[in-house]
Each structure stands twice: as structure tokens, then as C-alpha cells.
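Please find one structure pasted underneath; my questions will follow.
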Amino acid sequence: MTKDLKKKSEEIGINGFSSISNLEADIMKIVWDSKRITVREVHEVMLKQEMEKKEHGFIPYTTVMSTMSTLAEKGLLKQDKSAKTYIYSAAVDKEELSTSIIKSVAEKLLNGSSNELVSKFISDSKNISTEGITKMLEKLDQT
């Protein structure tokens, strides 16, 4: 399938730009921790993590490379192409991406009512402090 035929969603949400797979999330965590990193360095970190877990079937380099390219296409990573080896950095921070995904899922599942999501979350959670709830509500008001 050619690149022109691929239909990309411009919307943020469950099936859109801010939906990320577990692999994409793992890669983003590594990039956030490192600030600037190559595909090879990300792959090495992932292999080390897999060896520590004693997992079988290690992730191929090409999978990491294509996933990082996809993240760049989605606008989540920046690619510095000035050198022979691309250097990647985060285009969004953790909080920005998390907020975007949570708000989008709430809007899609609850027909735009993020208040309902917050109410449900608070009523189901026994371990949230009053201070934590207040901070969460302040953040929601800011967005």
C-alpha cells in the first residue's frame, strides 16, 4: 500500500493521532528519559529491558525503527535528519499526551462529558486524597 493511499486520522482519540500502542508508549518513555536518542540506542535499551525480564523473542531493530518513524509521522517525535543517523526527541511531553488521550477517550465514550468520567473515577477510587482530587479538578479546569 502506498503512502498516499493510507488514510490517517487527524482527530485525537481512540483511533486517532493520540492513540498509541504499548510499543509506542515504551519508546516514548525511553525518548522522554533520554531527551535526544537514536533508533539504535532505543533498541539497545529495549533489549536490555527484555533481557532483565528474561523474555524470549527480542524485538527486532527494524520494528523499533519503523515504530519511531510512525511516531514522528504522528507528530509525537521530532526527527533531526541533519546527520547520517537520525536523532529523535519528543515533540510532546508526557502530560500533554496523557491529557490529550484521556480527554479524547472521555469525549468519545461519554459523548463529550468529561465531568461524568471524573465523577465515576472519584466514586470508584478509595485511595485518592482530597488534595489529589482538587489538583485533578484544577487541571481539568485549565484545559
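The values are calculated or read from the model by the stated rules, or taken from the named source; none is laboratory data. What you are looking at is a predicted structure, and each value in this text was computed from that prediction instead of being measured. Note that each Cβ is placed from the backbone with ideal geometry, even for glycine, and that neighbours are counted across all protein chains shown.
Go through 14, 101 for me and flag whichever is modelled with pLDDT of 75 or more, closer than 25 Å to residue 139 by Cα and out of contact with any Cys (no Cβ under 6 Å at 6 or more places or on another chain).
101
With 67, 85, 63 as the choices, which residue is among the β-branched types (Val, Ile, Thr) and over 28 Å from residue 101 (Cα atoms)? Walk me through it before giving the result.
Numbers: 67 fails: over 28 Å from residue 101 (Cα atoms); 63 fails: over 28 Å from residue 101 (Cα atoms).
Matching residue, one of 67, 85, 63: 85.
Within the range 56-111, how many residues turn out to be of a type in the set (D, E, K, R), in the same structural domain as residue 24 (by TED's automatic domain parsing) and surrounded by 15 or more Cβ atoms within 10 Å (Cβ to Cβ)?
Within the range 56-111, residues that are of a type in the set (D, E, K, R), in the same structural domain as residue 24 (by TED's automatic domain parsing) and surrounded by 15 or more Cβ atoms within 10 Å (Cβ to Cβ) number 2.
Just for the range 84-110: of the residues that are among the polar types (S, T, N, Q) and under 18 Å from the mean Cα position of the chain (by Cα), which one is nearest to residue 32 (Cα to Cα)?
89
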